[in-house]
Structures are given as structure tokens and as C-alpha cells.
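Undergrad: Please see the structure below; I have some questions.
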Protein chains: 2
Amino acid sequence: MSFDFNFYMHSFKELVGIFAEKFNVPHFPAQPATLYEPGIYFLGIAGKRIRPVLCLMGNELFDEIHADAYHVATAIELFHNFTLLHDDIMDKAPLRRGFATVHTKYNENTALLTGDVMLIVAYEYLAKVSPQMLPRIMHLFNRTAREVCEGQQWDMDFEKRDNVTLEEYIHMIQLKTSVLLAASLKTGAILGGASEGNCLHMYEFGRNLGIAFQIQDDYLDAFGDPEKFGKEPGGDIRQNKKTFLLLRALEVANPQQKQELLRLMQENPEDKVEKVLAIFRECQVDAWARTLKQSYLEKAHQELEAVAVTGTRKQPLLELADFLVAREH
Amino acid sequence: MSFDFNFYMHSFKELVGIFAEKFNVPHFPAQPATLYEPGIYFLGIAGKRIRPVLCLMGNELFDEIHADAYHVATAIELFHNFTLLHDDIMDKAPLRRGFATVHTKYNENTALLTGDVMLIVAYEYLAKVSPQMLPRIMHLFNRTAREVCEGQQWDMDFEKRDNVTLEEYIHMIQLKTSVLLAASLKTGAILGGASEGNCLHMYEFGRNLGIAFQIQDDYLDAFGDPEKFGKEPGGDIRQNKKTFLLLRALEVANPQQKQELLRLMQENPEDKVEKVLAIFRECQVDAWARTLKQSYLEKAHQELEAVAVTGTRKQPLLELADFLVAREH
């Protein structure tokens, strides 16, 4: 092991490959197969593994990647999949990443218990962290896990409410999405021996990046190029999903536009998406979203800049941030 | 704090009171109330808090009760309630201890997410354990938590199978019920500074006691005195629940008795309970169950006897064991 501070830095893509290999091991015992086989199936519908890689990147910004970082990254990925598994039950989602969800392929009880045990196995990986690091990592992981549940609850509550404000929506998004990205980076930084201040900057980098990411997500669902986006936009509009765009439109629309929006949401006509998009454009919600996204992205950049490490070491994280938020798919 | 080894030992009843007071604090933040209020409601339908008290007793057998023991006891009680909350969803149970279950009083999504967050809060309590003790406690807690999920899965799988053996049933009961009692005692012993060997004896004491407890449970549901039992016996029989008694009867019955049992289970006649009980008695399943319970209770006693601590210190645990397994309600 070298203590040279100028050790080789991996790109995001390289770390994705490295993590994929580390993660590609059995995480569960063989029996009862009725409990664990669905978990293996779900982990096999591989996502982008962004969160565990953020943990490795947070670590590598300050030091060579520590064995503990792989344990925590694995715990984070298992935790993330636990939330998806249970969210799919709650949202009655038939598909996840184009594949049948666990409660659809098996049944709800299986999805419930497989999710539970996946969370517990996440903690089994956490417990492998060096004793001197464990309490701090556990504390951050637990708080984040609790906040993600709170975010899901707010999201479900908001579906039943007509008076959700943009501020409340941002608070929900932070809990549901941002804090896990933030905590992934921060746990990596902690394990890399970063100072309290640098750890905080990493957390804030992730938190702001997460919000920018969600704005981008909402934006693409409405204004994305179908060819690059890979699917017909307007899904959120058809479902009356509360998004950055809809909440903003409801706030700034004139009485006539607002009435028309509410009518479209109520009546679900054939040309709903087209007409809602027209109102969004009239209210300049598209330009507003691009500006808002940019401002969160800039805040994220400022936080990363404030980390007391030479600029060249930050290149991979900057590239990842731009990739995540400028993506068109 | 005194280091006198002959410090005061609390009775089970006293520890129930002490734990109840410690546990009677807010475990959750205020918001979102839609997430946490159901958790408060469920914890309010108080059970006997046997598991956390076993942790305190396991601790006090070796030392004065350590602050860490209260953290672990609280984590264990929250974990236990998490499992009940999710089991109630899976079993579609309308009532728990005579009160509406969370998924009945609120809805399934709430019960699911409230259970999730209760498990995470359990880990928040665990994280308060002294750093030098944390890894060992985490390791045992995690393994136990995973095993309890496995037990629930086997239990659900067995409902759909006609060929469950007594051996498989005992394995399931160990996972679903015994290991948490065993781990409660062992975590207490670990925190009390007990040797590896003594910790193992404590675990085995709890494991055997748990099986004896379940035999008693099955026995009372069939042969219990309705006045002492508090409800009409025969619930398990009416539901064709696989119990120690039914599985044994199916193993030892002659072809005619077995055919009659299967017919009763199939046809559910008015006098089903009465007739099944008659077959149980003909097969001497009642005497067999009493003997089997006694043999597990004796194994439990042997394990406790093997703990290298003066006999008088073991009195509260012996009383608890006899109370649990000799109870008629």
C-alpha cells in the first residue's frame, strides 16, 4: 500500500466495473430459496449502481480505496434495492427497469419479506466495517435510511393532497432521493479520513446534485426528446404526478391557465399531454426548470470546490455530476 | 456503582417494570405523523416485553445492568414489534392482542413502511452501544434478525405443503421464535462480560426454552382449560394449523385415524375440534407433548446450570422459565 497522495484515480466508468465485480458474489444463504431467490432475481435487474460508486469515489478523493468502502458500498446498494422492492409494492408497480417487479413475479408477501431480509443483510455488510469507524458510519447510515422512509411517506401523502407547495416537494425529494446520494459520498469521505468540514462539503455536494438530478428527471419526462429519452414523454402528466413542473405551473399560472390545468387533470382527455405541455410552455416552466437545475448544480459545484483537495482529484466527480444532470436518457 | 458481585438481583417482575419505564419515551420524530403515529399506536398495544427483559436478566446474571443493555433491549423490542407488524400484513391478521392491527386500522402501505422504519430505529438504538461492544452485538443481532425472517418464510411455505415433518417444524420454530429469545439472553451476557462458553450456555438455555414455550403454546391451544386459557381452545385445529400436535398425530396415527384426520381437515364439520382432539388423545399426542416440552425444559435447565455463576443468581431466570412454560394462559 502506497501513501503517495498522487495515486491513480479511477474514472466513474472504471469504478462501475470494479464495483460490479465485487458485488457479483452471493449475498444470501441458499435456504429458504423461496425467500432468497427473489432477492437474487431483483439484484440481477441491475441498475446503474450509482450510489455505491459514489461511496467509492468519495473515498478515493481522499485516499486509496479502503476495504471498508466496499462493505459500505455493498450495504448502500442492498439498502437501495430494499427501498425499491418495498416502494414497488406500495406503488403497485408492475415493472422495474423493464422487468417484472418481485411482488408481480412472486407475490406481495414474498416481496415484503425479501425486502426485509435485504435490509438486514445490508446491516450484515455494515457490521464488517472496522470497529473504530463503525459507530460513525452506522449513525449516518441509520439516519439516512430513516429519512428515505420519511421521503417515501411524504410522497404517498402528497398524492392525496391538492395543496402541496414547491417547498414541500423539494423537502420530500431531498429525503427520498438526495440524502442517500449525499450519504454515499460522505461515508466514502469518512472512510478516506476526510475532516469533518470536508465530509460536510461532500454531503452537500451530493444533496444539491440529487435535487438537480430530480429536476432533470421531471424535465425529461415532460420535454425529453423521445429518441434520446427512450420512451414517449408525458408519463408523469398522464398520471397527474406532482412534479417540479406541475407544482411550479400551479403556482405561476393565471386563473384561466390554472382552471384549464385542473380541468385537464380531472378529465384526462386524449390530447392531455400536448395541452398541459402548452400551458407549461406558456408559463415558462421549462426555462424555469433549466435555470433551477443549473442553480442546484452550481451549488453542488461550489461544495465540491470547497473540499480541500487538489482540483485534478475532483475531475471524476465533476464528470459524473455533469453526466448525471446533463443526461438525456 | 459497586463492584460487589453480590449486588442486588431484580426479579423478572421488577425488571418488567424497570424496562417499561425506560421504554416509555418517544422513539420516533414527530413528522411525518402518518408514518410514526401508527408505530406509536402499535408499541402502545404492549406485549409482555419478555425479550428485552431477558436481555437485562442475561446481563444481570454476570454484572450490574449496563447502560448498553438498555439500548440493546430497546432495539430487541423494536425489532420484535417490526416482525409482528409485517407478520400481521402477511397473515392478514385483523387483531393483535385484541386490538386492530396497523394494516387494518390504517392501511397496508402504512404498516409496511412503519415496520421498515421501526427496524431502522432499532438499529439506531444498537448504534448507541459502546464501540468496543458494538461489532459483536451487531453480528449476533443481524444473524438473529435474518433467521427470524427465514423462520417466517418457512412458516408461510409450510402452509402450502402437506408433507411437513416434525423435524422441519422444530427447525422453523427455532428460527421464528427461539433464536430471538436466545439472542436476547446472549447479548445481555456479552454486555455483562460473560465468557464465550457462558454466552453459549445462555444462548442454548434460551433456544431450548423457546421450543418448550412453543410446545406449550400449541398444547394450550388444543388442551387448555378455557377458563384459565381465556379463550375457547381449538383455534389451531379449526384453521388446520400445522402444530407439534397435528404433525405428531399425522406421524403416529394408524391408517384409519389418519384418514379420519385428513377428512376432518378437508370437510371442517361442526364437531371438528372435538373429533380431532379425540384422535389426538387416542394417539397419546397430549402425553407426548408434555414429555417433549419437559425434555426441552430440562435441556434448558442443564444449560443454565452449566453457566459458571453461583446458583442463587440463577433463581430469577429459573422462575421465569418455569413461569413461561408452565403457564396456563
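Undergrad: For region B:190-197, does any single residue satisfy the condition of being of a type outside the set (S, T, N, Q), over 14 Å from the mean Cα position of the chain (by Cα) and at positive phi?
TA: yes
Undergrad: If we keep just the residues of region A:51-71 that are in contact with a His (Cβ under 9 Å, 6 or more places away or on another chain) and of a type in the set (A, V, I, L, M), which is farthest from the other protein chains (Cβ to nearest Cβ)?
TA: Filtering first and then ranking leaves A:Met57.
Undergrad: Also, I was wondering about something else. Looking at (1) among the basic types (Lys, Arg); (2) touching an Asp or Glu at 6+ places or on another chain (Cβ under 9 Å); (3) under 23 Å from A:Ala287 (Cβ atoms), which one does A:Arg207 not meet, given that it meets all the others?
TA: Against the list (1) among the basic types (Lys, Arg); (2) touching an Asp or Glu at 6+ places or on another chain (Cβ under 9 Å); (3) under 23 Å from A:Ala287 (Cβ atoms), A:Arg207 comes up short only on (3).
Undergrad: So, in region B:64-85, how many residues would count as being buried (at least 18 other Cβ atoms within 10 Å of the Cβ), of a type outside the set (A, V, I, L, M) and farther than 20 Å from A:Asn142 by Cβ?
TA: Within region B:64-85, residues that are buried (at least 18 other Cβ atoms within 10 Å of the Cβ), of a type outside the set (A, V, I, L, M) and farther than 20 Å from A:Asn142 by Cβ number 1.
Undergrad: Any residue at all in region B:41-58 that is part of a loop (DSSP other than H, G, I, E, B), touching a strand residue (DSSP E or B) at 6+ places or on another chain (Cβ under 8 Å) and modelled with pLDDT under 95?
TA: Yes - at least one qualifying residue is present in region B:41-58.
Undergrad: Follow-up. Considering B:Glu77, B:Glu37, B:Glu14, B:Glu21, which residue is of a type in the set (D, E, K, R) and within 20 Å of B:Tyr203 (Cβ to Cβ)?
TA: B:Glu77
Undergrad: State yes or no: is B:Asp116 more than 15 Å from the chain's Cα centre (by Cα), assigned to a helix (DSSP H, G or I) and either free of Cβ contacts under 8 Å to residues at least 40 places away in the same chain or surrounded by fewer than 16 Cβ atoms within 10 Å (Cβ to Cβ) (or both)?
TA: yes
Undergrad: Can you tell me how many residues within region B:143-166 are surrounded by fewer than 17 Cβ atoms within 10 Å (Cβ to Cβ) and either more than 10 Å from chain A (Cβ to nearest Cβ) or in a loop (DSSP other than H, G, I, E, B) (or both)?
TA: Qualifying residue count for the region: 7.
Undergrad: Working only within region B:234-291, note down all residues that are part of a helix (DSSP H, G or I), touching a residue at least 60 places away in the same chain (Cβ under 8 Å) and not aliphatic (A, V, I, L, M).
TA: To start, the set of residues in region B:234-291 that are part of a helix (DSSP H, G or I) comprises B:235-238, B:244-252, B:255-267, B:272-282, B:285-291.
Applying the additional criterion that residues be touching a residue at least 60 places away in the same chain (Cβ under 8 Å) yields B:244, B:247-248, B:251, B:286, B:289-290.
Matches in region B:234-291: B:Phe244, B:Arg248, B:Glu251, B:Asp286, B:Arg290.
Undergrad: Let me ask something else. Inspect all residues belonging to region A:153-175 and state whether any of them is touching a residue at least 60 places away in the same chain (Cβ under 8 Å) and among the acidic types (Asp, Glu).
TA: The answer is yes, given that some residue of region A:153-175 is touching a residue at least 60 places away in the same chain (Cβ under 8 Å) and among the acidic types (Asp, Glu).
Undergrad: Something else: Determine which member of the set B:Val25, B:Val16 is in a helix (DSSP H, G or I) and among the β-branched types (Val, Ile, Thr). Let's see the steps before the verdict.
TA: Details: B:Val25 fails: in a helix (DSSP H, G or I).
Step by step, each of B:Val25, B:Val16 is checked, and only B:Val16 is in a helix (DSSP H, G or I) and among the β-branched types (Val, Ile, Thr).
Undergrad: Let me ask another. Look through A:Leu209, A:Leu180 and report the one residue that is more than 14 Å from chain B (Cβ to nearest Cβ), surrounded by 17 or more Cβ atoms within 10 Å (Cβ to Cβ) and either under 14 Å from the mean Cα position of the chain (by Cα) or of a type in the set (Asp, Glu) (or both).
TA: A:Leu209
Undergrad: Please determine whether any residue of region A:71-82 is more than 22 Å from the chain's Cα centre (by Cα) and in a helix (DSSP H, G or I). Lay out the reasoning, then the answer.
TA: To start, the set of residues in region A:71-82 that are more than 22 Å from the chain's Cα centre (by Cα) comprises none.
Within region A:71-82, not a single residue is more than 22 Å from the chain's Cα centre (by Cα) and in a helix (DSSP H, G or I).
Undergrad: For region B:88-103, indicate whether the set of residues that are at pLDDT below 95, in contact with a strand residue (DSSP E or B) (Cβ under 9 Å, 6 or more places away or on another chain), outside any helix (DSSP H, G or I) and in the same structural domain as B:Gly47 (by TED's automatic domain parsing) is non-empty.
TA: yes
Undergrad: Out of curiosity, is A:Thr104 more than 9 Å from chain B (Cβ to nearest Cβ), among the hydroxyl-bearing types (Ser, Thr, Tyr) and within 16 Å of the chain's Cα centre (by Cα)?
TA: no
Here's the yes/no breakdown for (1) touching a Gly at 6+ places or on another chain (Cβ under 9 Å); (2) in a loop (DSSP other than H, G, I, E, B); (3) modelled with pLDDT of 95 or more:
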{"site": "B:Ala300", "(1), (2), (3)": "yes, no, yes"}
{"site": "B:Leu304", "(1), (2), (3)": "no, no, yes"}
{"site": "B:Pro316", "(1), (2), (3)": "no, no, no"}
{"site": "B:Asp322", "(1), (2), (3)": "no, no, no"}
{"site": "B:Val325", "(1), (2), (3)": "no, no, no"}
{"site": "B:Glu328", "(1), (2), (3)": "yes, yes, no"}
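Undergrad: Restricting attention to region A:82-97, and to residues there that are over 21 Å from B:Arg146 (Cβ atoms) and touching a residue at least 24 places away in the same chain (Cβ under 8 Å), which single residue is nearest to the other protein chains (Cβ to nearest Cβ)?
TA: A:Met90
A quick yes/no check of all residues on (1) in contact with a helix residue (DSSP H, G or I) (Cβ under 9 Å, 6 or more places away or on another chain); (2) over 19 Å from B:His80 (Cα atoms); (3) modelled with pLDDT under 95:
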position: B:Ile170; (1), (2), (3): yes, yes, no
position: B:Leu175; (1), (2), (3): yes, no, no
position: B:Ser178; (1), (2), (3): yes, no, no
position: B:Ala194; (1), (2), (3): yes, yes, no
position: B:Asn198; (1), (2), (3): yes, yes, no
position: B:Met202; (1), (2), (3): yes, yes, no
position: B:Gly206; (1), (2), (3): yes, no, no
position: B:Phe223; (1), (2), (3): yes, yes, yes
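Undergrad: Let me ask you something else. If I filter region B:125-142 down to residues being part of a helix (DSSP H, G or I) and in contact (Cβ under 8 Å) with a residue 12 or more places away in the chain, which single residue comes out as nearest to the other protein chains (Cβ to nearest Cβ)?
TA: So the first thing to find is which residues in region B:125-142 are part of a helix (DSSP H, G or I), and the list is B:125-126, B:134-142.
The next check asks that each one be in contact (Cβ under 8 Å) with a residue 12 or more places away in the chain; those that pass are B:125-126, B:136-138, B:140-141.
Details: B:Tyr125: 9, B:Leu126: 8, B:Arg136: 9, B:Ile137: 9, B:Met138: 4, B:Leu140: 10, B:Phe141: 8 Å.
In this case the residue turns out to be B:Met138.
Undergrad: Let me ask something else about it. Could you go through region A:40-63 and let me know if any residue there is buried (at least 22 other Cβ atoms within 10 Å of the Cβ), among the aromatic types (Phe, Trp, Tyr) and more than 29 Å from B:Asp155 (Cβ to Cβ).
TA: Yes; the residues of region A:40-63 include at least one that is buried (at least 22 other Cβ atoms within 10 Å of the Cβ), among the aromatic types (Phe, Trp, Tyr) and more than 29 Å from B:Asp155 (Cβ to Cβ).
The values are calculated or read from the model by the stated rules, or taken from the named source; none is laboratory data. Keep in mind it's a predicted model, so treat the numbers as computed, not measured. We place every Cβ from the backbone using ideal geometry, glycine too, and count neighbours over all the protein chains shown.
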